[in-house]
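Below is one structure, written out as structure tokens; the observations come after it.
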Amino acid sequence: MYPAFKHTHALLAVISILLFQYRYWAFAVKVRTPGKLFKITPHIIDTLLLVTGITVAYIVGFTLGNSPWLTTKIVALFFYVGFGVLAMRGRGQMRWIGYILATLTFAYIVAVAVTKNPTFFL
Ligand code: HEM
């Protein structure tokens with residue numbers, strides 16, 4: 001079960017960032033209102049991303065106590081969501097600032113996931 005959940009989790013991560021990029025360029029930049037599909041799907045994908053993440057952590061026995069990288073990832077996830085909201089709903093310049101920060105935060109989360117080290121760049 002572990003490889004299946006881990007690969008599903010990583011695949012959901014890819015879908016999540018692709019949807020975010022599409023939504024930003026198609027709706028935030030052009031100031032159009034997304035249809036139902038693009039309003040609802042990202043929430044479903046992100047919820048599944050969270051659920052599969054928790055499942056993999058449970059299977060392997062990673063806890064917040066024994067895996068600082070996991071704690072970092074979850075904190076960074078809140079930043080990703082917050083910057084994402086700024087990118088989609090912020091005013092003027094705040095949109096692209098939110099977009100850049102959300103994209104960078106996502107890259108950081110992936111790097112932390114792969115290295116299992118929150119300070120991999122040091
Ligand atoms: C934007 C959010 C997230 C992204 C982009 C993301 C990305 C990834 C990626 C790419 C991997 C695979 C790493 C590898 O191949 O070694 C991974 C693994 C993992 N993620 Fe996430 N993740 C996210 C959120 C979460 C959350 C919320 C949790 C837990 C609550 C979580 C828990 C885990 C665990 C336990 C692993 C497996 C580590 C292993 O056994 O190698 N992730 N994540």
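Since every read-out is calculated from the coordinates, none of them should be taken as a lab result. Please read these numbers as outputs of a predicted model, since none were measured by experiment. Note that we place each Cβ from the backbone using ideal geometry, even for glycine, and neighbour counts take in every protein chain shown.
Some observations on this one:
- Here the Kirkwood formula puts the hydrodynamic radius of the chain at 15.1 Å, using every distinct Cα pair.
- Set of lysines with alpha-carbon distance to LYS116 below 21 Å, sequence-local pairs under 8 removed: LYS6, LYS73
- Net length gained if the chain between LEU18 and ILE100 were fully extended (0.36 nm per residue, minus Cα distance): 28.1 nm
- As a calculated quantity, the FRET efficiency between THR41 and PHE121 at R0 = 41 Å, using C-beta atoms, amounts to about 0.80.
- Isotropic mean projected area of the C-alpha convex hull, the stretch 1-72 (nm²): 5.5
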